[in-house]
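The structure under discussion appears below in the form of structure tokens.
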Amino acid sequence: MTQVIFHQAASFNPPATWEKSTGSDDYDPAKINVIYVEAFSATYKRYIIDHDE
């Protein structure tokens, strides 16, 4: 299951159990960030950050 989060704040601090995917953009506080979170198990989630231009 993939969850989509729209986030814009000074910073983004994901839970410790989330792992950032390779190739994911850095969080940009000046833009709306689109964060895709994919759950592989109850404790392991991987996320990708993209920007909404």
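Amide H of His51: which non-local residues (sequence gap of 5 or more, or other chain) have their own amide H closer than 5 Å, using H built in the peptide plane?
Amide H neighbours of His51, under 5 Å, 5+ apart: Val34.
How big is the charge dipole of the chain about its Cα centre, in debye rounded to the nearest 20, if each Lys and Arg gets +1 on its Cβ and each Asp and Glu gets -1 on its Cβ?
On the way: 4 positive and 8 negative charges, 53 e Å.
Around 260 debye, computed over the chain.
In square angstrom, what is the accessible area per residue of the chain with a 1.4 angstrom probe?
Using a 1.4 Å probe on heavy atoms only, each residue of the chain averages 70 Å².
Taking every DSSP beta bridge that has both residues in the chain, what percent is antiparallel when rounded to the nearest 5?
80
Gln8 versus Ser21, label points 7 Å from Cα toward the beta carbon: distance in nm?
With each label point 7 Å from Cα toward Cβ, the separation is 2.3 nm.
Obtain the nm distance between the two label points defined at Asp28 and Arg46 by a simple spin-label model: each point lies 7 Å from its Cα along the Cα-to-C-beta direction.
2.4
The values are calculated or read from the model by the stated rules, or taken from the named source; none is laboratory data. Note that the coordinates shown come from a computational prediction; the quantities given were computed from them, not determined experimentally. When we count neighbours, we look across all protein chains shown, and the Cβ atoms used for this are built from the backbone with ideal geometry, even at glycine. Ligands, DNA and RNA are stripped out before the accessible areas are found, and what is left, the full protein with its side chains, is counted by its heavy atoms. Shrake-Rupley method; radii C 1.70, N 1.55, O 1.52, S 1.80 Å.
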